[in-house]
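Taking it in order: structure first as structure tokens, then the write-up.
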Amino acid sequence: MSTGLRLLRGGLVATPEGVMPGDILVQGEWIVAVGPDLEASGATVVHCGGLVALPGAVDAHVHLREPGAEHKEDFTTGTRAALAGGYTTVLDMPNSPVPTSSLSAFAAKADLARAKACCDFGLFFGATPANMGEATEVAGAVGLKLYMGSSTGDLLVADLAHQYRHFASYPRDRILAVHAEDEEAVRTFSEEERRPPICAELAVARAIALARRTGRRLHVCHVSTAAELDAIRLARAQGLAVTCEVTPHHLFLNRTDEARLGPLALMNPPLRSPEDQEALWERLDEVDIVASDHAPHTLEEKSGSLPPAGVPGLETTLPLLLDAVAGGRLSLPHLVRLTAARPAALYRLPHKGRLAPGYHADIALIELQSETALGTDLKTKCGWSPFQGRRVRGRIVRVILRGEDAMVEGELLADPGRGRLVTPRPS
Ligand code: DOR
Ligand code: ZN
Ligand code: ZN
């Protein structure tokens, strides 16, 4: 008879602090013990010799496109891609064609996602020049996303007065996350260069000044330049609570890849100089989160005359980071902090982001040394990756979501409806 107990035996366990041999005992949805040589009578044993267990990754920045752009992605295909890529929780951005910027749109998206998602998910609320009240009232959003410059979709709060009102009114204990490219700068420089670094630099400076003025915390999405990191470092030294994230495309690609990739390398903010790319790596200790910014568009759209900005990333981010571990550029505990522990803690996601008793049994089992080619057998609806063909070391063998197998050897086992809405723990 099944006891509902599973014992993951004989692997290595990666935590934010270190990597050690250990077993993981799972009961139902929960991790109940982690340690050497665990015994549990009646438990089903999963043999993990040669494997590393990571906490199921938490992607704090994805665009799953519903409602309104289901031809690019939907909650089922996007969360299948997440599971294939080692993610068990994704935080969805509000810039869908029907933007998540009213109470009714938020409730409708939550219902839709509950029915269709295969992994757990949280939802951002989107700022508009007029919705400070609803942004404050909405229950269950993981945070407020404010576009200081325009990007895909219509969400935009470009002027200082409305930005200030959101900074001043959004609850202090919640995350206000900015797309930091200054709209006026984007326009001013557009004839010379598409979204040059000064656009990001100006927006980050303004967001920090607003955070100082209003005494609130701030999260800067997809930092791509050394200048932004400088501004954030200074703000922190002055006592401000500023956190930030970087994307895999800004870590693993730079401007010189644009010639080869064409519109497949087009995203906001754009790819930067090799020097900026190098600075992100050298200063990865100053970065809180690596988030994919999974932003799928179809190949047809990408090869049109006005290609949209954005690249998919859910299936390639963890393998790329694991390859950096294999190459000695990143430690496993640091990878765990960047992809699971820190995003879960920052967004206060209950029971997520760690392999420890009392946490959800969200686990990715990894074979560190096996080499694979990226971009084969993609689950994302868009069907392409800017990293297609790149060979990496580090293969995701199995993904467990709240105690149950969700992906084994590339086969997806979680049905639509399995994913649960994740809402932040009250502070
Ligand atoms: O490149 C991007 N694509 N940047 C964004 O800010 C939005 C995203 C999208 O939704 O396509
Ligand atoms: Zn953005
Ligand atoms: Zn984004």
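Comparing mean-square fluctuations of 198, 366, 232 from a GNM of the chain with C-alpha springs under 10 Å, the top value falls on 198.
Could you grab the Rg to Rh ratio for the chain? Cα atoms only, Kirkwood for Rh.
Using only Cα positions, Rg/Rh for the chain is 0.95.
With the simple spin-label model, which puts each label point 7 Å out from Cα in the Cβ direction, the residue 112 to residue 260 separation comes to 3.6 nm. In a simple Cβ point-charge model (Lys, Arg +1; Asp, Glu -1; nothing else charged), segment 84-201 has a dipole of about 500 debye relative to its Cα centre. Working from Cα positions, state the angle (0 to 90°, nearest 10) between the long axis of helix 160-169 and the longest principal axis of the chain. The angle comes out near 40 degrees. Database remark: amide H of residue 13 closer than 5 angstrom to the amide H of 20, 22, 53 (H placed geometrically; neighbours at sequence offset of 5 or more, or on other chains; Pro and chain starts carry no H).
Computed 3J(HN,Hα) for segment 57-69, one whole-Hz value per residue from the Karplus formula 6.51 cos²θ - 1.76 cosθ + 1.60 where θ = phi - 60°, is 6, 10, 8, 7, 7, 9, 10, 8, 6, 9, x, x, 10, glycine and proline marked x.
Counting Lys +1, Arg +1, Asp -1, Glu -1, what net charge surrounds residue 248 among other residues with beta carbon under 14 Å of its beta carbon?
Details: positive: 272, 329, 390; negative: 59, 245, 257, 293, 315, 323.
Around residue 248, the surrounding residues sum to -3.
For the pair residue 373 and residue 413, a Förster radius of 35 Å applied to the C-beta separation gives a FRET efficiency near 0.90, rounded to the nearest 0.05. The label point for residue 139 and the one for residue 286, both projected 7 Å from the Cα toward the Cβ, are 4.1 nm apart. Over the Cα atoms of segment 76-218, the radius of gyration divided by the Kirkwood radius equals 1.00; this is the Rg/Rh ratio. Over the chain, DSSP H runs of length four or greater, each weighted -39,500 (n - 2.57), average out per residue to a 222 nm ellipticity of -7500 deg cm²/dmol. If the elastic network links every pair of Cα atoms under 10 Å, which of 226, 158, 139 fluctuates the most in the Gaussian network model of the chain? Checking each option, the largest mean-square fluctuation is seen for 139.
Around residue 16, under 14 Å between beta carbons, what's the net of Lys plus Arg minus Asp minus Glu among the other residues? Cβ neighbours under 14 Å give a net charge of +1.
DSSP beta bridges confined to the chain are antiparallel in about 50 percent of cases. In the elastic network of the chain, a GNM with C-alpha springs shorter than 10 Å, the most mobile of 121, 189, 75 is 189. Percent of Cα-Cα pairs more than 14 Å apart in segment 222-304, please. Tail fraction, whole percent: 64. As a proxy for reagent exposure, ranking 102, 331, 427 by other Cβ atoms within 10 Å from fewest up yields 427, 331, 102. DSSP assigns beta bridges within segment 1-124; of those with both partners inside it, close to 50 percent run antiparallel. Each peptide among 349-358, 417-426 gets the average number of other Cβ atoms lying within 10 Å of its residues, and from highest to lowest they stand as 349-358, 417-426. Couplings 3J(HN,Hα) for segment 199-212, derived from phi with the Karplus relation 6.51 cos²θ - 1.76 cosθ + 1.60 (θ = phi - 60°), are 4, 6, 4, 5, 5, 5, 4, 5, 4, 5, 4, 5, 5, 5 Hz, where x marks Gly and Pro.
At full extension, residue 234 and residue 326 could sit 29.9 nm farther apart than now, given 0.36 nm per residue minus the alpha carbon distance. Of the options 254, 110, 38, report the single residue whose Cα projects farthest towards the positive end of the charge dipole of the chain (beta-carbon charges: Lys, Arg +1; Asp, Glu -1). Final value for the positive-end residue is 38.
Under a Cβ-Cβ cut-off of 11 Å, what is the net charge of the residues other than residue 285 that fall near it, where Lys and Arg count +1 and Asp and Glu count -1? Residues near residue 285 contribute 0 overall. For segment 405-417, putting each phi into the Karplus relation 6.51 cos²θ - 1.76 cosθ + 1.60 with θ = phi - 60° gives couplings of 4, 10, 8, 10, 6, x, 8, 8, 10, 8, 8, x, x Hz, in residue order, rounded to whole numbers and with x for Gly and Pro. Rounded to the nearest 20 debye, the dipole magnitude of segment 43-87 is 140 debye, with +1 charges on Lys and Arg beta carbons, -1 on Asp and Glu beta carbons, and the Cα centre as origin.
Values in this text are rule-based calculations from the coordinates and carry no lab data. Only a predicted model underlies this, so the values are computations on that prediction, with no experimental measurement involved. With ideal geometry, Cβ positions are generated from the backbone for all residues, glycine too; neighbour counts draw on all protein chains shown.
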